[in-house]
Amino acid sequence: MNPPTPFVRPLRWTALGLVAWFSVLALPAQDASPLYTQRAPSRDGIGKIYYGREIAHFMSHEGAAWLDRPERDAEEKPELMIKGLGLRAGQIVADIGCGTGYFTWRLAREVGERGVVYGVEIQSEMLQLLDTKMRERGALNVVGVLGTPQMPNLPEAVDVVLMVDVYHELSHPAEMMEAICARLKTGGRLVFVEYRGEDPSVPIKPLHKMTEAQIKKEMADLPLEYVETVHTLPTQHMVVFRRKGRAR
Ligand SMILES: C[S@@+](CC[C@H](N)C(=O)[O-])C[C@H]1O[C@@H](n2cnc3c(N)ncnc32)[C@H](O)[C@@H]1O
C-alpha cells in the first residue's frame, strides 16, 4: 500500500480533528473544579458534593411569595441583621441571590443615594420582581444584575457582599466564590447569613442550613480572613469574612 501523500495526510488529520472536536462538544459539560464529586441526588439536593456537603436545589421563582411572607419580619428580624452589617452612606453593596429584594431595599436605604446596591440573580423572573418592588419602595439606587451559576457579573468592585440563604444552593460555589473575591475590595466584607445547621430546633431542611464550621472550611482556600460570627438572629447566624490582598 502506498504511503499517504503529504496532501492527503493533513486532510485525514483535519477530518480526525473535526470528529474529535465535535465529540468534545457533544460531551456533557464537566465541572472545572476537582473539588466536586457526584452521587445520586437526595430529595432536596443536586447530588453534587463539595467539601463533604451535598448542594441544595436552588429556590425557584415560583415560590417567590415565600420570601415576602408577612410573618418573615417576626421570624428573622431583618432590621437586626441590617444593623449588624454596620453599613455606611455611599458604600457599594452586592446582594447576591437577592430574590425579590427582601433585603435589597433595606441595604439601599442604608447606603443612601450616593451608594449603590447590586441585586444579583440567576433567575430573570426574580429580577423582574425585584424591579417592581424596588420601584414601589422608591429604592432608586438598586441595580439588578443577571448573573450565571458561575459568575455574579458585578460591574465594579464592592465594599460588602451579602448572601442571605443563598450560599448552600450555589451549584458552583468554587467558581462563584473566586469571582466574588475578585470583585470584593481589599478589606471589604463578605457576609453569609444561613439557617444554623448546628441547631436541630431550626425548622429548615438540613441541606438548606449550614454550620459555621462548614462555611469556614469552604472559605479556607480563598483570599479571605474570618472576622466573626454574629448570633443575634433568631434562627440564622451571620458569618463574616474580610477580603485579604488585592481585588482585580
Ligand atoms: C432562598 S432564595 C433567597 C433570596 C433572598 N436572599 C432572601 O433572603 O429573600 C435564594 C436565591 O438565590 C438565587 N441564586 C442561586 N444561585 C445563584 C447564583 N449563582 N447567583 C445568584 N443568585 C443565585 C436563587 O435564584 C434564589 O432566588
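The values are calculated or read from the model by the stated rules, or taken from the named source; none is laboratory data. Not measured: the values here are computed from a predicted model. When we count neighbours, we look across all protein chains shown, and the Cβ atoms used for this are built from the backbone with ideal geometry, even at glycine.
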It is to be established whether one or more residues within region 219-241 are at negative phi, crowded, with 16+ Cβ neighbours inside 10 Å and of a type in the set (D, E, K, R). no
So which residues in region 86-108 are within 16 Å of the ligand (Cβ to nearest atom) and either of a type in the set (Gly, Ala, Ser) or surrounded by fewer than 19 Cβ atoms within 10 Å (Cβ to Cβ) (or both)? 94, 97, 99, 101, 108
For residue 46, which of the numbered conditions (1) crowded, with 19+ Cβ neighbours inside 10 Å; (2) part of a strand (DSSP E or B) fails to hold? (1)
Counting only residues that are within 18 Å of residue 208 (Cβ to Cβ) and among the hydroxyl-bearing types (Ser, Thr, Tyr), give me the strands (runs of 3 or more DSSP E) lying completely in region 110-197 with at least 1 of them. 184-196
For region 134-154, pairs from a residue that is within 9 Å of residue 119 (Cα to Cα) to a residue that is acidic (Asp, Glu) and surrounded by fewer than 19 Cβ atoms within 10 Å (Cβ to Cβ), with Cβ under 9 Å and 6 or more apart or across chains, are 142/131; 144/131
Going by the structure shown, is residue 240 touching a residue at least 24 places away in the same chain (Cβ under 8 Å), touching a Leu at 6+ places or on another chain (Cβ under 6 Å) and not in a loop (DSSP other than H, G, I, E, B)? no
Residue pairs within 8 Å by beta carbon, gap of at least six or interchain, first lying in region 194-208 and under 15 Å from residue 166 (Cβ atoms), second at pLDDT below 95, listed first then second, are none
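Take residue 184 and decide whether it is touching a residue at least 12 places away in the same chain (Cβ under 8 Å), of a type outside the set (S, T, N, Q) and more than 9 Å from the ligand (Cβ to nearest atom).
Considered against the rule, which asks whether it is touching a residue at least 12 places away in the same chain (Cβ under 8 Å), of a type outside the set (S, T, N, Q) and more than 9 Å from the ligand (Cβ to nearest atom), residue 184 comes out as yes.
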